[in-house]
Amino acid sequence: MQQPSASVVAAPTPVGAQQGGAQQVGSITGTVVDQSGAILPGARVTLTREDATQKLEAVTDENGQFLFARVAPGAFTVTVASPNLATQTVSGTLHAGESYVAPQISLPVAAAFTQVTVRPQVEIAEEQIKEQEQQRIFAVIPNFYVSYVPHAVPLTPKQKFELAWKTSIDPFTWGLNGAIAGVEQATNQFGGYGQGAEGYGKRFGASYGDFLTSTWIGGAILPSLFKQDPRYFYKGTGSRRSRILYAVAMSVMCKGDNGHWQVNYSGILGSFAAGGISNLYYPPNDRNGASLVFENTAIGIGQTAAVNLFQEFVIRKLTPSIANRKAKNQPPSS
C-alpha cells in the first residue's frame, strides 16, 4: 500500500534529532473515520510539536489513513479537520525510533449553528402593506384594507395613514365618486346644489368628502389613537357557518395592535364623526340632524357586514394578485 505523505510547512527537524541518526526519529500513523465508523479520505491532518519547532501536514488516503515519517521525538498534537465535521485533536509523546500508531480518530457531525436575524416589525409590516396594495378586484378595484395573512404584523400609525392616503388618491376612488355624483345629478338628489357644472362639482365634493372623512377618521386617525387595526382579516377556514358568523362579527369587532379582538371603536365612532361632519357641507334641506347620523351609522354597520361576507366567500377569488402569488402562512380558500 502506498503511504500518504506529509509536508513540512514550518521549522525543519531540530539539529539534535539529526545528529542522533535514523534511530533518533520516528513515525506517527493513524486512521480517521466519521461518526458512523466509515473511513474518511481527504481529511486534513496537522501535526504540531509542543515546542513549536515542527509542523507537518498530511491528507488521509482512500483508506482514511495518514502517515508522518521522520518525526523528531517529543510531545506532539495531531489535529484532524474535514468539511461539515467537528475538528478533533489527539496528543501523545513520540519516543526516539518509535512507530507511533494513534488511536482511531472519529469526527462527529459539526453542531449546526443557525444565525437568526431579527427583523424589525415595521419592516415586515411594510412588506405586507406592499402586497396588500397589489390587491385589486378584477385587477381594477382597490382591495387594500384586507389582509390574507392571518397573523399579520400590526401597522404603525404612520403605516395606517399611508394606507388611507393610498386609498384616497387611487384613480378608481376618483372615478367612483365621479360616477356617484353623476347619478345624484341625474336624479337631482341634493337639489340644493343645483344643476350644471357647479352642481356636479358640489355633489362630487360632497361624495368625495364623505369618503375622505370615513377613510381618514375610521381608518387612520382613530385606529392610531385606539391602537386598533383597520383591516379585515380573511378567515378562509372552518365551516361555512363559522365563517359567516366571523364576517358579521367583524362589522363591529376588530383586531387590536396587541393581537386581541376588541370592539371596533374606530370604525363605529368614525361613522358617527363622518356623518356629523357631512352636515357642514350638505344643503340645509338635506341636513336631518343627529337622528339621521345614528340611522346612517346603523346602516353602515349592516353594509360592512355584507361586504365582509362578500370578502370571505367571493372577493379573494376575483383578486388576481392573490391567486398568482405564493401565499405565506396563509390558509387555502374554500
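The values are calculated or read from the model by the stated rules, or taken from the named source; none is laboratory data. As the structure is a prediction and not an experimental result, all values here were calculated from the model. Cβ placement follows ideal geometry from the backbone for every residue including glycine, while neighbour counts extend to all protein chains displayed.
Take the residues of region 117-148 that are among the charged types (D, E, K, R) and in contact (Cβ under 8 Å) with a residue 40 or more places away in the chain: which is nearest to LYS255 (Cα to Cα)? So the residue we want is GLU131. Applying a threshold of 7 Å to beta carbon distances and a minimum spacing of six or more residues, or different chains, the list of pairs starting in region 193-208 at a residue that is buried (at least 20 other Cβ atoms within 10 Å of the Cβ) and ending at one that is among the hydroxyl-bearing types (Ser, Thr, Tyr) reads LYS202/TYR193; ARG203/TYR193; ALA206/TYR281; ALA206/TYR282. For region 236-245, the tally of residues that are surrounded by fewer than 18 Cβ atoms within 10 Å (Cβ to Cβ) and not in a loop (DSSP other than H, G, I, E, B) stands at 5.
Say whether the condition of being free of Cβ contacts under 8 Å to residues at least 24 places away in the same chain and not acidic (Asp, Glu) is met by at least one residue in region 67-76. Checking region 67-76: not a single residue is free of Cβ contacts under 8 Å to residues at least 24 places away in the same chain and not acidic (Asp, Glu). Quick check on this structure: which one of PHE204, PHE161 is assigned by TED's automatic domain parsing to the domain that holds LYS317, in contact with a Ser or Thr (Cβ under 8 Å, 6 or more places away or on another chain) and at pLDDT 95 or above? So the residue among PHE204, PHE161 that is assigned by TED's automatic domain parsing to the domain that holds LYS317, in contact with a Ser or Thr (Cβ under 8 Å, 6 or more places away or on another chain) and at pLDDT 95 or above is PHE161.
Okay, residues lined up against (1) of a type in the set (A, V, I, L, M); (2) within 24 Å of ILE169 (Cα to Cα); (3) at pLDDT below 90; (4) touching a helix residue (DSSP H, G or I) at 6+ places or on another chain (Cβ under 6 Å):
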| site | (1), (2), (3), (4) |
| --- | --- |
| THR89 | no, no, no, no |
| THR93 | no, no, no, no |
| ALA102 | yes, no, no, no |
| SER106 | no, no, no, no |
| VAL109 | yes, no, yes, no |
| VAL122 | yes, yes, yes, no |
| LYS130 | no, yes, no, no |
| TYR145 | no, yes, no, no |
| PRO154 | no, yes, no, no |
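Total residues in region 215-227 satisfying the condition of being surrounded by fewer than 23 Cβ atoms within 10 Å (Cβ to Cβ), farther than 10 Å from TYR145 by Cβ and not basic (Lys, Arg): the figure is 7. Counting only helices (runs of 4 or more DSSP H) that sit completely within region 103-205, those holding 3 or more residues that are β-branched (Val, Ile, Thr) correspond to 121-132, 171-186.
Looking for something touching a residue at least 12 places away in the same chain (Cβ under 8 Å), assigned to a strand (DSSP E or B), under 23 Å from MET250 (Cβ atoms) and within 41 Å of the chain's Cα centre (by Cα) - is there at least one such residue anywhere in region 214-221? Looking through region 214-221, none of the residues is touching a residue at least 12 places away in the same chain (Cβ under 8 Å), assigned to a strand (DSSP E or B), under 23 Å from MET250 (Cβ atoms) and within 41 Å of the chain's Cα centre (by Cα).
Contact annotation: residue pairs with Cβ atoms under 7 Å, 6 or more positions apart or on different chains, pairing a residue in region 303-332 that is assigned by TED's automatic domain parsing to the domain that holds LEU245 and more than 22 Å from LYS130 (Cα to Cα) with a partner that is in a loop (DSSP other than H, G, I, E, B) and at pLDDT 90 or above, are THR304/SER251; ALA305/SER251. If I ask for residues that are surrounded by 18 or more Cβ atoms within 10 Å (Cβ to Cβ) and either closer than 13 Å to ILE28 by Cα or outside the structural domain of GLN35 (by TED's automatic domain parsing) (or both), which ones from region 85-104 would you list? If the condition is that a residue be surrounded by 18 or more Cβ atoms within 10 Å (Cβ to Cβ) and either closer than 13 Å to ILE28 by Cα or outside the structural domain of GLN35 (by TED's automatic domain parsing) (or both), then LEU94, TYR100, ALA102 are the ones that fit. Among the candidates ALA110, ALA179, ALA152, the residue that is in contact with a Leu (Cβ under 9 Å, 6 or more places away or on another chain) and of a type in the set (A, V, I, L, M) is uniquely ALA110. Among the residues of region 146-198, the ones that are over 30 Å from THR237 (Cβ atoms) and hydroxyl-bearing (Ser, Thr, Tyr) come to 4 in all.
On the given criteria, is ILE299 more than 29 Å from the chain's Cα centre (by Cα) and touching a residue at least 24 places away in the same chain (Cβ under 8 Å)?
No: the conditions fail for ILE299.
TYR145 - would you say it is of a type in the set (Ser, Thr, Tyr), more than 23 Å from LEU269 (Cβ to Cβ) and touching a Lys or Arg at 6+ places or on another chain (Cβ under 6 Å)? Judged against the criteria, TYR145 is not a match.
So, in region 307-334, of the ones that are of a type in the set (Gly, Ala, Ser) and either assigned to a helix (DSSP H, G or I) or in contact with a Pro (Cβ under 7 Å, 6 or more places away or on another chain) (or both), which residue ends up modelled with the highest pLDDT? Out of the qualifying residues, it is SER321.
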